[in-house]
Each structure stands twice: as structure tokens, then as C-alpha cells.
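Read the figures in this text as sums done on the coordinates, not as results from a lab. As the structure is a computational prediction, the values presented were derived from the model and not from experiment.
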Amino acid sequence: MKITTLLCSVLLLAACASSTAVIDKRTFNCGEPGLDVGIEGGFEDPRQAEQIGERNFLVEVSNNSHAEITVTSVRVEPSNRNRVRYDVAFDGEDVVIAEGDAHLFRLPARRGMTLDPPIDPSRTRNEDFVEFYVMVVLSNGDQYRCNFRAPLER
């Protein structure tokens, strides 16, 4: 009887410690309807920046939920199809955003290696854009991924 009771206790503990008992992290793509978090991305005009000539990726995170959220990281990864290459930008500082509020992240856009223009027949010569994706991670593990294409002001 003791062995049966012990075996049942061990099985019960194993079931409670199962990884399926934990809520998994969720990943969302921007544009899905009804999301609790809204994300907008852009590329700051160097004439409007705090320091002339400085370029920043702009990421606005808005909280559409009914509770505050904490953003633990924002990552901007520029496309390798851009005419001007930029390095990955990252902000790992926790930012609490109240219900119905928004926060604007400015991440420095540091130039990487400049290459010859990519061969893409769908683009015209005078079209200059920066393509990038943004990954926003919340303290609950949820991740939001968004793709953006912003004009490159000179």
C-alpha cells in the first residue's frame, strides 16, 4: 500500500511539473486583428533629430489592453536589401506602459557596410527606403514582430 501511495504521489508531482502546465510564450505578427499591443515603426529624418545628422529608428509601442504592460526589449533588424546598410539596433531597458498609453523608443541607426545597390527590377532608381523588422518582447514572454518600410530622407 505504501508503494502504491508513493507511486501515485510521484506521478501527481510529475504531472504538476509538466511543461504543458505552463502557459507558453506567444508570438504575434503585426496586422492581426484585436492585438493588445500596437507597434508603429519609422526612420527619423536627420533634420528633425535632436542632433543634426543623427539617424534613429523610431518604434512606438501602444498599450491597447486593460492592464499595464512591461516592454523588456525592442530590436530593430534592417533588411540586407537596403541600399545603405545599418547595424541591428537594440534597447533592453524595461519600460512600463500604462493602459491606453504609448511609448516612443529611439534606437540609434548606425551605418554598417555600404554596398552597391541591389538588383531588384521592382524598384526604381530614385526610390530610397529603409526596410526593417521590429521585435518587441514583453515581460510575460509575448513577442510582437512587425515589418516596416520607411522613406530614407537625405
Q. Length gain on complete extension for the stretch Lys25 to Arg111, per 0.36 nm per residue less the alpha carbon to alpha carbon distance?
A. 27.7 nm
Q: Provide the gained length on full extension for the span Glu54 to Asp94, in nm with one decimal, where the gain is 0.36 nm per separating residue minus the Cα-Cα distance.
A: 12.0 nm
